[in-house]
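See below for the structure under consideration.
Values quoted throughout were computed directly from the atomic coordinates according to the rules given, and no laboratory measurement underlies them. Everything numeric in this text was worked out from a predicted model, so none of it was measured. No Cβ is skipped: glycine too gets one built from the backbone with ideal geometry, and neighbour counts run over all protein chains shown.
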Amino acid sequence: MRTAPTRVTAAPRFLMQTLFHDLSFALRQLRKTPGLAVLAIVTLALGVGANTAIFTVIESVLLRPLPYPHSDRLLYIGPGDSTGFGATSWLNYRDIRDQSRLSESVASYSEDVGVIENQGGSESVVASKITANLIPMLGAHPLLGRTFTAAEGETGGPAAVLLSEGLWRQTFHADPAIVGKSVKVSSNLYTVVGVMPGSFHFPEQGGPDASKGAWLPLQPTAEMLKDRGYHFLNVLAALRPDVSVAQAQHELDTLASHFPVTKDGFPATFRATLYQQVLTGPVRPVLYALFAALALVLLIACANVSNLLIARCLGRQQEFAVRAALGAGRARLVRQLLSEGMVLSLLGCVVGIVFAELAMLAVRKLPPGTIPRADSIAIHWTVVLALAAIAILTTMLSSLLPALLVARANPQAALQAASRGIGSRSVSGKLSGWLVAGEVALSTLLLVGTGLLFHTLWNLQQSRLGFDTAHITTFVAMPADSAGFSSMAVSEDDGSARPSVATLTYQPVLELIRHLPGVQSAALATSPPLSGMDVGTSFEILGQAKDPKSKPGARISALSEDYARTLGTPILRGRMIDNTDTATSPFVVVINDTLARKYFAGKDPLQQRIDLGGKDTGMIKPYTIVGVLADQVDHSVGGDVQPLIMVPQQQIPPTSLFYQALLKTMISFVVKTRGAIPVAQEMRSVFHQAAPGFALDQFQTMQEAVDSNTFSQRLGLYLVGSFAGLAIAMVIAGLYGVLSQLVSYRRREIGVRMALGATRLSVAQLILRQGSILIGAGLGVGLILAFAMAHFIKSFLYQVQPLDAWTYLAVAVTLLIIGLIAALIPARRAASIQPMEALRTE
């Protein structure tokens with residue numbers, strides 16, 4: 001009865017001792033060949049480290065839940081188009097909130113901006129407006145004080161504000177008694193009711209700026225309560241447990257079918273999307289594409305290490321034959337080789353973690369907003385588990401083939417081969433060749449991707465921007481009483497002539513800027529190229545038949561004179577806005593070429609009149625088109641240009657809806673200098689003199705704006721190019737190793753050939769031919785694979801086809817040249833063999 005437990009515990013102890021002995025022996029064997037060990041470890045470390053880094057980003061950004069309880073049930077509800085990420089109205093939100101039965105809670109918010117005034121001056125901040133139930137729905141708790149009450153979310157409710165921890169510490173010096181004090185936000189006094197912790201930076205779309213902002217209660221205005229087409233709100237819903245997105249979508253479809261139609265006669269439609277997918281959607285395909293590229297690099301690394309181990313096994317065939325003859329079983333030999341591979345993989349993973357940490361440092365230095373949720377990127381336990389899986393995978397991939405070769409080896413044949421050498425026709429030689437060909441095929445995929453991305457970046461850099469970038473600086477100015485975007489309304493016209501901020505402030509500021517030393521010209525524009533500012537409007541062309549199913553739409557921007565001259569954009573027809581376009585002169589607009597081609601095809605748009613909403617927007621008078629400006633890039637370099645209407649800043653009525661959106665919230669200034677002159681300090685001095693209380697921010701040159709806009713494409717090119725370079729280095733090492741091994745094992749054969757009259761040139765050609773066959777086979781397979789997978793990269797390209805012939809030709813030529821260079825040294829070594837020495841040695 002006592003022996004059974006002893007046998008049960010002895011077996012695991014014996015296995016542990018055997019494993020320990022195998023690993024100890026593996027370490028001793030690797031110490032005998034330190035060069036091979038270091039090369040294998042570094043090769044694996046590069047592949048493992050890069051994969052660990054990108055998996056860390058994917059796990060932190062795409063797989064890790066948002067920092068809210070039950071974030072997997074957090075739903076974003078947007079309009080029912082293909083994106084579903086837009087805004088809706090208060091009335092739609094209210095009806096969804098009151099009628100939804102599958103949601104525990106439905107909240108709303110609007111992304112907005114504001115100006116905080118303090119003793120040090122004015123500071124622009126993210127000032128989102130949220131319903132009172134949003135923070136409790138997200139499960140967040142304040143660091144100090146409380147969150148909003150229901151009364152503070154009612155129309156005309158108390159003026160309350162929540163500060164972020166970053167704003168509280170930096171602007172209010174971490175005042176412990178801040179709760180209950182009044183602060184001025186956009187010229188209105190608000191009572192601080194709480195401070196949210198630094199970990200709370202909702203909305204997530206705000207990026208790092210949200211962690212230094214404030215939150216105001218969303219109080220519906222009269223305009224919001226009467227107009228279902230007043231779309232400025234984002235809706236979030238927390239689903240009940242066990243409710244799927246499909247069930248929520250079905251309920252939304254049912255609710256929307258009972259909503260009133262919009263002013264345009266279209267029924268309301270909604271689309272439900274998991275909030276995390278809304279946040280990570282733009283980067284999801286990019287990260288997965290990088291992960292796929294790195295998986296190829298890891299496979300190449302494993303093939304390279306496998307080749308190194310095969311070469312080492314060929315050199316140890318006599319050792320394995322002797323051990324087998326002395327009674328060592330095949331399983332014992334296989335286990336020994338797997339142990340050696342495991343040691344290499346584990347050491348490679350350890351060094352790979354160091355490389356991954358270095359890569360994480362580089363990721364954290366990326367520009368803010370490049371990767372959503374970048375502050376949460378860190379190596380978690382799930383990454384460690386994935387790293388362990390990678391270690392097992394690399395062990396199997398790099399050690400299995402050498403182990404199987406040893407298991408299949410005939411000891412008697414191995415001992416007899418000691419005096420004859422091993423030719424390229426051996427199983428080991430063929431496997432090494434196949435592995436190199438596989439490396440070439442995978443490298444071809446990476447090189448094709450690199451070539452296509454390079455072509456894309458070249459096209460982007462050569463694409464027409466529609467403006468100059470040299471010596472042009474833009475910056476944003478926000479008035480102290482910045483109105484924000486989410487509470488826009490048409491003011492009642494009491495008959496009095498209200499002075500416009502354009503006339504009172506912006507025109508005098510522009511005159512002061514233009515007279516500064518070194519300034520060539522300056523202009524105001526609410527939506528300059530690549531600014532991210534986007535205010536849209538529908539319009540009607542007077543005298544043209546209306547289409548009840550489609551109403552013309554365009555972006556709208558307020559401009560000052562000198563805008564086209566400052567940016568260097570040509571005027572195609574008519575004239576540009578000038579200083580005579582004032583509130584008392586005929587109302588005019590300038591349109592871009594895209595709008596002219598889209599809505600005036602085959603017609604002259606000059607002197608045509610358009611209506612910008614009439615009483616609905618407060619733009620009572622129609623505007624006459626007096627010019628057509630050449631297209632400028634608006635949202636992205638290489639992207640589609642949207643129709644644009646440019647209105648003189650002095651001709652926007654102060655009672656209109658667009659006055660608040662374009663002139664009273666956030667304004668951009670464009671300054672062209674006579675050289676590379678920094679202008680920030682001079683601009684602050686001008687505003688301090690002529691417009692105190694304005695908050696200035698976002699100083700950048702137009703070249704910086706272009707570089708920032710194309711950063712993702714350049715980053716993708718650099719990363720994939722680095723992966724391809726690493727793969728090529730491995731291909732060179734693998735091909736060189738295989739051909740060197742071939743020369744070594746065919747030394748006797750080459751000596752015999754040369755003794756029988758073969759020339760050194762023919763011997764060199766023999767080795768080069770072997771290398772060319774390996775490169776050619778791998779290249780052919782790689783091009784076929786690239787051909788088959790071309791459609792996966794199509795969304796990343798600009799003005800270049802996935803099957804671009806020049807790219808494929810360049811990759812083929814590059815790999816052939818690299819292959820011949822890698823084969824040249826072994827070929828020269830083979831040609832330099834002395835026949836008598838080779839035969840005497842053998």
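Would you pull out the residues with amide H under 5 Å of SER128's amide H, same chain only if 5 or more places away, H placed 1.01 Å from N?
Those qualifying (amide H under 5 Å, at least 5 residues apart or on another chain) are ASP112, ALA214, LEU216.
Quick check: Cα centre of the stretch 590-658 to Cα centre of the stretch 221-242, how many Å?
29
Mind listing the long-range amide H neighbours of LEU629? Cut-off is under 5 Å, sequence gap 5 or more, other chains count too, H placed in the peptide plane at 1.01 Å from N.
Amide H to amide H, under 5 Å and 5 or more residues apart or across chains, LEU629 pairs with LEU572, ILE591, ASN592, ASP593.
Pop out the ³J(HN,Hα) list for the stretch 499-511 in order, Karplus 6.51 cos²θ - 1.76 cosθ + 1.60 with θ = phi - 60°, rounded to Hz; leave Gly and Pro as x.
Result, rounded to whole Hz: x, 8, 5, 5, 7, 6, 10, 5, 5, x, 4, 4, 5.
What is the ratio of the Cα radius of gyration of the stretch 588-643 to 2.2 N^0.38 Å, where N is its residue count, to two decimals?
1.26
If amide H atoms are built 1.01 Å from N in the plane of the peptide, which residues on other chains or at least 5 residues away come under 5 Å of the amide H of PHE694?
When sequence neighbours closer than 5 places are left aside, the close amide H contacts are ALA480.
Using a 10 Å cut-off on Cβ atoms, rank the peptides 797-805, 748-756 from the highest mean neighbour count down.
748-756, 797-805
To the nearest 20 Debye, how big is the dipole of the stretch 94-147 about its Cα centre, given +1 on the beta carbon of each Lys and Arg and -1 on that of each Asp and Glu?
260
Sorted by packing (mean other beta-carbon atoms within 10 Å per residue), highest first, where do 135-147, 376-388 land?
In descending order of packing, they fall as 135-147, 376-388.
Listed highest first by mean packing, meaning other Cβ atoms within 10 Å per residue, what order do 658-668, 568-578 come in?
Top of the packing list down: 658-668, 568-578.
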